[in-house]
Amino acid sequence: MKEWPNPFIEQRADPFILHHEDNYYFIASVPEYDRLEIRRAPTLDALPEARPVVVWRKPDAGPMSELIWAPELHFIDGQWIIWFAAASTRELDALGMFQHRMFALVCDDADPLSGKWQEKGQIKTPFDTFALDATTFHHQGKQWYLWAQKAPDIAGNSNLYLAELENPWTLKGEPVMLSKPEFDWECRGFLVNEGPAVLKHGSRLFVSYSASATDENYCMGLLWIDADADPLDASNWHKSLQPVFTTSVENRQFGPGHNSFTVTPEGDDVLVYHARNYTEIEGDPLYDPNRHTRLKRVFWGEDGMPDFGIPPADNR
């Protein structure tokens, strides 16, 4: 069974790996929260040694000038897209929350590492509130936008929403809420559903997501829907009553989450996530840099459901 070095890439939280044509692309939050950088390698194993290339730096002022979080890199209809969350200040708002919104960059050149990136501004949603962690997937002939956002009338930090895309920086139609924090394991420290990631397998579409505070309470939940069902009908979605990937005290892996998925050349699904190997955090966990990127193979049960197992211990 394939195992990767653990940690895979150090001090990179919210990791995202895109397998596109003959290359793997890696993008993640950097500890300084001040830039977007991409690594590219011909193999998954080569990503840790690949040279990071900075493709964008935050401005000194304005709506994208602070706390650049959780970027994702996608290739949609011949165009490269980076989505990321940013704020105009590090101050909290009246509700005690950060003030992030989602923003888009696009690149029309063939090479996203050397090409020119153009700012497309904020992705507008029905309410102008804390928003982050957008991802996308193509399904039923449509391109979908899936993200986390604070609702004015729902307690907690963020819920998960789905909408169709008109283009990579414009929503089409009314979003639907897929999930909100409701179980105990989603509400430890903070009421959080965030970091959605999409995985297709068999006759189902799966959405993993992260819940609770970003310390050892952080964990992953799971939603799923029949592949031929209407994804904009919230009643078609199912939700796991228990977390599917959690802290392993035995393996000293704490707060696994904010995952994405990639695939090996052989077609095996790979869970890409971050976790710490200690709990003794001084100050705000957000500013502790040691949420390292880690990889783990996804196994599939006879019932067609994913088995994420237990976070493996550090091996280097």
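Only the coordinates and a few stated rules stand behind these numbers; no lab work does. Since the structure is predicted, the reported quantities are computational estimates derived from the model, not experimental observations. Heads up, the Cβs are rebuilt from the backbone with ideal geometry, glycines too, and the neighbour counts pull from every protein chain shown.
Looking at the chain as a GNM with Cα springs under 10 Å, which of Asp215, Asp226, Asp153 has the largest mean-square fluctuation? Its mean-square fluctuation being the largest, the pick is Asp153. Take the alpha carbon gyration tensor of the chain, find the square roots of its eigenvalues, order them as a ≥ b ≥ c, and report rounded if a/c is under 1.5; if not, report prolate when a/b exceeds b/c, else oblate. Rounded, since a/c falls under 1.5.
If we count every other residue with Cβ under 10 angstrom of Val55's Cβ, Lys/Arg +1 and Asp/Glu -1, where does the sum land? Once all neighbours under 10 Å are counted, the net charge is +2.
Treat the count of other C-beta atoms within 10 Å as a stand-in for reagent exposure and order Val298, Val207 from fewest to most.
Lowest to highest Cβ neighbour count: Val298, Val207.
The ranking of Met97, Met64 from fewest to most other beta carbons within 10 Å of each one's beta carbon is Met97, Met64. With Cα atoms defining each centre, the stretch 183-199 and the stretch 40-104 are spaced 21 Å apart in the structure.
Summing Lys and Arg as +1 and Asp and Glu as -1 over all other residues whose Cβ lies under 12 Å from the Cβ of Arg188 gives a net charge of -4. Would you please classify the overall shape of the stretch 84-243 from the alpha carbon gyration tensor, given that a ≥ b ≥ c denote the square roots of the eigenvalues, rounded means a/c under 1.5, and beyond that prolate means a/b larger than b/c while oblate covers the rest? Verdict is oblate for the stretch 84-243. Taking other residues whose beta carbon is less than 15 angstrom from the beta carbon of Glu282, and scoring Lys, Arg as +1 and Asp, Glu as -1, yields -3. Quick check: from the Cα gyration tensor, does the stretch 1-119 come out rounded (a/c under 1.5), prolate or oblate? Oblate is the answer for the stretch 1-119, as a/c is 1.5 or above yet b/c matches or exceeds a/b. Annotation for the stretch 1-94: trypsin sites (Lys or Arg not before Pro) lying in DSSP loop with at most 13 further Cβ atoms inside 10 Å of their Cβ are Lys2, Arg90.
Relative contact order (percent) for the chain, with alpha-carbon contacts under 8 angstrom and 6 or more residues of separation?
15 percent
Placing a pseudo-label 7 Å from each Cα along the Cα-to-Cβ vector at Lys142 and Met97 gives an inter-label distance of 2.5 nm. Show which lysines lie in cross-link reach of Lys58 when reach means a straight Cα distance below 30 angstrom and same-chain residues fewer than eight apart are skipped. Here the lysines satisfying the reach criterion relative to Lys58 are Lys116, Lys120, Lys124, Lys150, Lys172.
Site pair His201 and Asp128 shows an inter-label distance of 4.2 nm when each label is modelled 7 Å from Cα along Cα→Cβ. Around the Cα centre of the stretch 128-209, unit charges on the Cβ atoms of Lys, Arg, Asp and Glu (plus for the first two, minus for the last two) sum to a dipole of about 320 debye.
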